[in-house]
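Colleague: There's a structure below that I have some questions on.
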């Protein structure tokens, strides 16, 4: 069992969970994920790592409360334990001295892009960070980023902070930087990944996206996470999760992610009451 | 052996074969003529003293029979159910020449099931600790055998399993109606009582590498199975509703999908399912789909005669109402315009000259395109070994199919202090073959731990 050390709703609907998982914490690298179960009969879902502490033996994940498992996770108080945390899985994000890198994060990706930005900075890159949300009140970890990043950008749907709109405005941000951008790395929901990739395609800047398809085992065994990249089928869990955003078949990925949408509603409605009306912590 | 009638069992997930009552077991055991040079024993990959345990059953001494059985077989309740006895011990039984062989597998199962009803069975005596530590990677049939054998010799054994439950293919692959999961749990618990340490959620190659484990353990066995699913490589394969057998079975078995929404892993209630392939896994998928209420077809490119599945499983599937389309080759999946599979197009085949496998090669018949309406397709055409360990372990030699290269007699790999066996070495095979490989590796590991030096590798 893996004990929850801290569970805090950091902005509406997004929870930061710190969990004891010493083996994962010891090996984790930026861009990797874990597979976890929230309860004994629960499904296995992938969660990107937002941080980890090898000495404390803990990992931190940023959870958007959206389905039955994330809902169960969100309602777990510190001190309780979950039955499975397996990892770190997937390949780490490629970290090298590229020059200037633009790191882009939206929703849970605001958490998971952080260790990537940190690792790039440690490698000597100039790191620009772009965070995306519907509104300014949905940003978290702003201080962490302001300390780390060489340049900081925001884009909000309602224009309450930074540029108004979505990742389609990426080219303006790239142009506003005085030096050329060597690479763009995007973490977040599939729509953000696609919008960002489409926006960067005309710029000809290599764009890395961390894909988030449905997974079960996370070790290459079941193949449910298959995605078409270029013209070949890849398993996101073992070949990814990072891929070239300009090569991903986005239509297919979005369709595959929606496969269990109707069924997801059933466990939401049949799960325990306090699972729905938990209080913010 | 009594079975649930097809019209009942096709609607439930309870075990199909019900097992012998004691009287029947004694009667069946009494048929054994106790050959002096028993032909059945060499037919058994783990060399069980078959006439020995059968003699005990015939005499009504089940406890002694069980000891004889367990002396060689770590997992009798499982082997009694899923071993292809008709190709092993029962094939070489002397009675087989004249009529029906002794039902060795059913008798094995009988003893193991009898044990489960007893509460006062003693654990075998274990020799004093040797102080040696062995890591076993993978909690499937090969790993469980190695662990059981070595713990019984006084070594300290830890099994590392990637999934959240022990058992490998026994829990994620083989369905409840063929191998109840409570039985696997019982066998694993027995090993734990013997002193085997079990670590789940531990993905060797990711959570820790083999090299890192070797710093802590004196020897290491890799039994990670054949977990990388094959697909047909035909258009439309990534449509929703197209599953690998691994995904389909894992959802149903390991994640208890057949109990959805009680088990939280979502499944679809499909109406028409096509299963591609002709092996035991294909039968398992088809019979699972059927139980969930789907009209189910098996699509196989050769004829019934060439099907690799056990005859018993083919017959079970036929009785339950699975439709078989023989000599049929899928050529593409057709979508419904909304990302879901709607039809599968196939070509009819005819049999030509024998191929490398000795079976007649199926040849497509031009213009024979046939379309079957489906809302799900399960691809059960095989698996190869998972590359995770090979990719993260320098010095571990692999073959062209991703299999770990081993010395067949000992299970030794190219890397000092590392053994491997089961599907990861052979490619997809049977539970008992994996156990046989585990047994041989355990013997070699024990010899090494008692006397060997890594530099002799």
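Colleague: In the protein assembly as shown, what % of DSSP beta bridges are antiparallel (nearest 5)?
Modeller: Around 50 percent of the beta bridges assigned by DSSP in the protein assembly as shown are antiparallel ones.
Colleague: Now for a separate question. Distance between Cα centroids, region A:197-211 to region B:1-48: provide it in whole Å.
Modeller: Their Cα centres are 61 Å away from one another.
Colleague: Further question: Could you work out how far helix A:261-270 tilts from the main Cα principal axis of chain A, as a 0 to 90 degree angle to the nearest 10?
Modeller: Orientation of helix A:261-270: about 40 degrees from the principal axis.
Colleague: So for A:193, B:311, fewest C-beta neighbours within 10 Å to most, what's the order?
Modeller: Ascending number of Cβ neighbours within 10 Å: B:311, A:193.
Colleague: Sticking with this structure for a sec: Against the longest alpha carbon principal axis of chain B, how many degrees, from 0 to 90 and to the nearest 10, is the axis of helix B:104-116 turned?
Modeller: The helix B:104-116 is inclined about 70 degrees to chain B.
Colleague: Still on this structure, I have one more. Expressed as a whole number of Å, what is the distance separating the alpha-carbon centroids of region A:117-170 and region B:149-181?
Modeller: 47
Colleague: Identify which of A:162, A:240, A:31 has the largest mean-square fluctuation in a Gaussian network model of chain A, with springs joining Cα atoms closer than 10 Å.
Modeller: A:162
Colleague: Choose one answer from A:189, A:225, A:103: the residue with the largest mean-square fluctuation in a GNM of chain A with alpha-carbon springs under 10 Å.
Modeller: Of A:189, A:225, A:103, the most mobile in the Gaussian network model is A:189.
Colleague: Using a basic spin-label model with each label point 7 Å from the Cα along Cα→Cβ, how many nm lie between residue A:150 and residue B:71?
Modeller: 7.5
Colleague: If you take the beta carbon distance between residue B:126 and residue B:98 as r and set R0 to 51 Å, what does 1/(1 + (r/R0)^6) give as a FRET efficiency, to the nearest 0.05?
Modeller: Working from the Cβ atoms, E equals 0.70.
Colleague: In what order do A:184, B:365 fall by count of nearby beta-carbon atoms within 10 Å, going from fewest to most?
Modeller: Listed from fewest to most nearby Cβ atoms, that is B:365, A:184.
Colleague: Could you please rank B:445, A:35, A:82, placing first whichever residue has the fewest other Cβ atoms within 10 Å of its Cβ?
Modeller: Ascending Cβ contact count within 10 Å gives the list A:82, A:35, B:445.
Colleague: Here is a follow-up. Of the residues A:259, A:38, A:192, which exhibits the maximal mean-square fluctuation in a Gaussian network model of chain A defined by a 10 Å Cα contact cut-off?
Modeller: The residue that fluctuates most here is A:259.
Colleague: Quick one: length gained pulling residue B:336 to residue B:185 fully straight, 0.36 nm per residue minus the C-alpha distance?
Modeller: My answer for the length gained is 50.2 nm.
Colleague: Rounded to the nearest 5, what is the percent of antiparallel bridges among the DSSP beta bridges in chain B?
Modeller: So the antiparallel bridges amount to about 40 percent of the total.
Colleague: Let me ask something additional. How tilted is helix A:190-200 with respect to the longest principal axis of chain A? Cα atoms for both, answer in degrees (0 to 90, nearest 10).
Modeller: 10
Colleague: What number, rounded to the nearest 500 deg cm²/dmol, is the helix-based mean residue ellipticity at 222 nm of the protein assembly as shown, given -39500 (n - 2.57) per DSSP H run of at least four residues and division by all its residues?
Modeller: -8500 deg cm²/dmol
Throughout, read-outs are computed from the coordinates displayed, never taken from laboratory work. Quick caveat, the model's predicted, so the values are computed rather than measured. A quick note on method: Cβ atoms are made from the backbone with ideal geometry, for glycine too, and the neighbour counts reach across all protein chains shown.
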